[in-house]
Amino acid sequence: MTPSPATRLLCFSFRLSATSLPRSASTTRHSPHHRIQSSAPLTTAKKHVHVASSSLLAPGLPLLCSTLVALSLQVQGPAVQGDDRETGIQDVESLREKSVLLSGAVLDNRLASVGETKTDSHRAKAKWKLKSVVTLALTILTSSQAILIVWSKRAGKYEYSVTTANFLVETLKCAISLVALARIWKKEGVTEDNRLSTTLDEVIVYPIPAALYLVKNLLQYYIFAYVDAPGYQILKNLNIISTGVLYRIILKKRLSEIQWAAFILLTAGCTTAQLNSNSDRVLQTPFQGWVMAIVMALLSGFAGVYTEAIIKKRPSRNINVQNFWLYIFGMGFNAIAILVQDFDAVMNKGFLHGYSPITVLMIFNHALSGIAVSMVMKYADNIVKVYSTSVAMLLTAVVSVYLFGFHLSLAFFLGTTVVSVAIYLHSAGKMQR
């Protein structure tokens, strides 16, 4: 009768245990004709398990488990002839090699798991650092935007041409988009989604948001004839309301109840921050300033919703290509504005007449603010934008105290707090929608 592999494994385990025990326990030698019958008592098998396990603990747990399996099969299986012991030796040696390989594989997996944990930890730290840098950059850019516009004025007037400044802002943003595209082309090559060449049907939609942004960006210079820098930061948040309402009307997106409540709080906060207790006038900002702020909010909201609709129409299209064409039309419209409004001044005094280092900083600030918002959406989240906006309102107020003699009032702090809560609720409602 041909012995089974399991029986061979048991025989070799017994032999291996006998040779590995101390001399006093291994003096009894087995004859070549010694047989282990399947009808042997189960207690004898248990003794074999004890001997085999004590000798196999050194190679490792996998080999011990294989021996126990062999023993369980031996109790039920046929007898093993002593002459077939060599075959059993080969089987166990093969199994032993596999167990060593398995142990090594387990060790490698554990080391790899430790390495992956360290890598994940480094990635988390790098992501946290990047988010912190982006948040800090957006906060500084947002808070300094209004300050630089007011600071660039001389004796209450702009000595430079605001149309040329706006033209340079669009030019700088266009250049930044081209640099980003060049890096993508170098890394990924030119594809259908990142090439600049396009069709008339694709670019014909960009003049509308470009024209809206032109009017909105020009109005932000003239609104400072009626509001101060902190007041501008407060009123600028009205575009959240216009954007939400236009989302509902144009894109048919449902607004949550929390978002509608946030709109009411936002309006109340903006009004509270503008309360004036030092004069007979109820609000610090005159009626003309409120009208301009509302018009700017409507223009910004409509342009933002329209631009998002363009982007989502072809989501695979690279965002830098879409920004490039938007900024190209923006440059064109600003060039027309220069010809209409400041042609004589530019021809007589030069394109950069009246520029100062503050004006140059303001241009870079306006260009980089849009890039920072894009980075927040890519590397951080919407809550970062909320915190940046809230901190920017307070930071603008504090800096304005030293630069422009701004008077901090209780109404301003209460209004700023209410606006910050409203912005947070609007963001939370957007995530629950």
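Per residue Cα convex hull volume for the stretch 144-216, in cubic angstrom?
Looking at the stretch 144-216, the number lands at 121 Å³ per residue.
Read phi for every residue in the stretch 257-270 and hand back ³J(HN,Hα) as whole Hz from Karplus 6.51 cos²θ - 1.76 cosθ + 1.60, θ = phi - 60°, with x for Gly and Pro.
After applying 6.51 cos²θ - 1.76 cosθ + 1.60, I find 5, 5, 5, 5, 5, 5, 4, 5, 4, 5, 5, 5, x, 4 Hz.
Only counting other Cβ atoms within 10 Å, I'd like 342, 201 sorted with the fewest neighbours first.
Neighbour counts put them in this order, fewest first: 201, 342.
When a footprinting reagent is the concern and you count Cβ atoms within 10 Å, what order do 270, 174 take, fewest first?
Placing the least packed residue first, the sequence is 174, 270.
Can you put 147, 140 in order, fewest other beta carbons within 10 Å first?
With the sparsest Cβ surroundings first, the list reads 140, 147.
Which semi-axes, in whole Å and largest first, does the equivalent ellipsoid of the stretch 152-432 have when worked out from the alpha carbon gyration tensor as the square roots of 5 times its eigenvalues?
Each semi-axis is the square root of five times an eigenvalue, giving 32, 26, 17 Å.
Give me a comma-separated list of calculated 3J(HN,Hα) values for the stretch 162-169, in order, Karplus coefficients 6.51, -1.76, 1.60 applied at θ = phi - 60°, integers in Hz, x for any Gly or Pro.
Values per residue, Gly and Pro as x: 5, 5, 5, 5, 5, 4, 5, 4 Hz.
So which of 252/312; 252/313; 153/349; 127/312 end up more than 21 Å apart by C-alpha?
127/312
Go through 339, 164, 243 and say which Cα lies farthest out towards the positive end of the charge dipole of the stretch 152-432; charges sit on Cβ, +1 for Lys and Arg, -1 for Asp and Glu.
Farthest towards the positive end: 243.
Order these peptides, 293-300, 122-129, 315-322, by their mean beta-carbon neighbour count within 10 angstrom, highest first.
The peptides rank, most packed first, as 293-300, 315-322, 122-129.
Dipole of the stretch 152-432, Cα-centred, from +1 at each Lys and Arg C-beta and -1 at each Asp and Glu C-beta, to the nearest 20 debye?
Around 480 debye, computed over the stretch 152-432.
When the C-alpha atoms of the stretch 203-351 are aligned to their principal axes, what extent does each axis show, in angstrom, from largest down?
The Cα atoms of the stretch 203-351 stretch 50, 48, 20 Å along the principal axes, largest first.
Determine the sum of side-chain charges near residue 270: Lys and Arg each +1, Asp and Glu each -1, restricted to other residues whose C-beta is under 15 angstrom from that of residue 270.
In short, 0.
Taken together, the values in this text are just the output of simple stated rules run on the coordinates, not laboratory data. Because the structure is a prediction, the values reported are computed rather than measured. Every residue, glycine as well, gets a Cβ built from its backbone with ideal geometry; the counts of neighbours run over all protein chains shown.
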